[in-house]
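Single-structure report; data block below.
All of the numbers you see were taken from the coordinates with simple rules; none came from a lab. All values derive from a computational prediction rather than experimental measurement. Cβ coordinates were reconstructed from backbone atoms using ideal geometry, including for glycine residues, and neighbour counts include every protein chain displayed.
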Amino acid sequence: MSDPTIPLACQNLLHDWANCLDTKSWDRMLTIFAPRVDVDYSAVGTLKATAVEPSVYIDHYSSPSQLGNPEVQSHHFIGACKWTRDSESHARVVFQIMAVHRRTPKDGGAAVLATGHGINTMDFTQVEGEWKIAAIKVGALFIEGDFEGIFKP
């Protein structure tokens, strides 16, 4: 990339996205997205949508059947990143991810654990001079543990 500030701004958004998921900071998450986003989590059997408002993504993942469940904790580790820039206003990162999930039932039952390993793609676009997330695509390599059990009602 010719402008070294671009990857830093986008890198910060990548970090903020993972941090918002893990801390359940749904209001803050709204600020990191472009007005319309493409979302493809079909590799893990969930949401796929094109050009939707960020609230569609946030409402889905903040719901009690997903990460919004207070019994569910997550930690999204970002690994090696490969950055490209298609234009002055568009950048992309392909990154390694390990997403650890744990569900600890309030009744004291045994915790359910699952860890997803994958390669994700995130697109960034400039909106009024500020970088925002424009697309997220999840690519699952393999999943350890009971991923479906994390999100069972």
Put +1 on the Cβ of every Lys and Arg and -1 on every Asp and Glu Cβ in the chain; which of G149, N120, Y41 then has its Cα farthest towards the positive end of the dipole? G149
Just add up the charged neighbours of P35: K/R +1, D/E -1, any other residue whose Cβ is under 15 Å from the Cβ of P35. -3
Helix-only [θ]222 nm of the chain, DSSP H runs n ≥ 4, -39500 (n - 2.57) each, per residue, nearest 500: -6500 deg cm²/dmol
